[in-house]
Amino acid sequence: MDSATSDARTPLGASADNGLKIVVVGGFGVGKTTLVRSVSEIRPLNTEETMTKAGESVDDISEVRGKSATTVAFDFGRITLDARNVLYLFGAPGQERFWFLWDRLFSGTLGAVVLVDTRRIGDSWYAIDRLEHHGTPFVVACNDFGGPTYAPQQIREALDLDPHVPLLDCDARSRASAKQVLISLVEHVKNSYGTQGPARLQVPVPQQELAL
């Protein structure tokens, strides 16, 4: 496992006392690890292992032939919003055999990003189902794999999305694109809870605050 951290990592300020937990979920190979890596201000903790021949008989790799490693626990990254507020990012493993970890990862979660590969849209149904079961606000982000382009309404219908759930396009490799997804999520969470939400949601998140 790659659990090393960089010596050049950004230290967490002594005044930071409000940790906001975000999870990134979705199917196998949709770019969850890539998104956490691209947006984290520290070198992420990754629990990746090399994919083996034995795993091919368990996991569907038909659409991810070039993938050589896979997350087996979770990814972890961090973004500082301001002097007192920090986002903690947890990327969940995508294979069905690791889904038992998801409910624990969802505990205490402020909101979630569901990453979608539109070539394999059915792989996202379980993630959406579990988030709806937990009542966790989420946004859906379609990661760009260069496949066919679908109209937003087609994707909404395929995923049976509630009209109030934001649907975005993104490139998980791009820090700016990943940042915009997180901004949209935090804004959606604040709108979902409204003025009755917990005090930790009263955090203004204009774009300049996610200065990466």
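The values are calculated or read from the model by the stated rules, or taken from the named source; none is laboratory data. What you are looking at is a predicted structure, and each value in this text was computed from that prediction instead of being measured. No Cβ is skipped: glycine too gets one built from the backbone with ideal geometry, and neighbour counts run over all protein chains shown. Keep in mind that these areas ignore ligands, DNA and RNA; they rest on the heavy atoms of the full protein, side chains included. Shrake-Rupley method; radii C 1.70, N 1.55, O 1.52, S 1.80 Å.
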**Asked** Relative to the present Cα-Cα distance, how much length would full extension add between A176 and R119 at 0.36 nm per residue of separation?
**Response** 18.2 nm
**Point-to-point label distance, S107-E157, nm (Cα→Cβ direction, 7 Å offset)** = 4.1
**Item:** Heavy-atom accessible area order for T136, T149, T80, largest first, 1.4 Å probe
**Value:** T149, T80, T136
**Request:** Only Cα pairs under 8 Å and at least 6 apart count here; give the relative contact order of the stretch 133-173 as a rounded whole percent.
**Result:** 62
**Message:** Given points 7 Å out from each Cα along the Cα-Cβ axis, report the D129 to A83 separation in nanometres with one decimal.
**Reply:** 4.8
**Request:** Please report the Cα spread of the stretch 99-185 along all three principal axes, rounded to whole Å, starting with the longest.
**Result:** 34, 28, 24
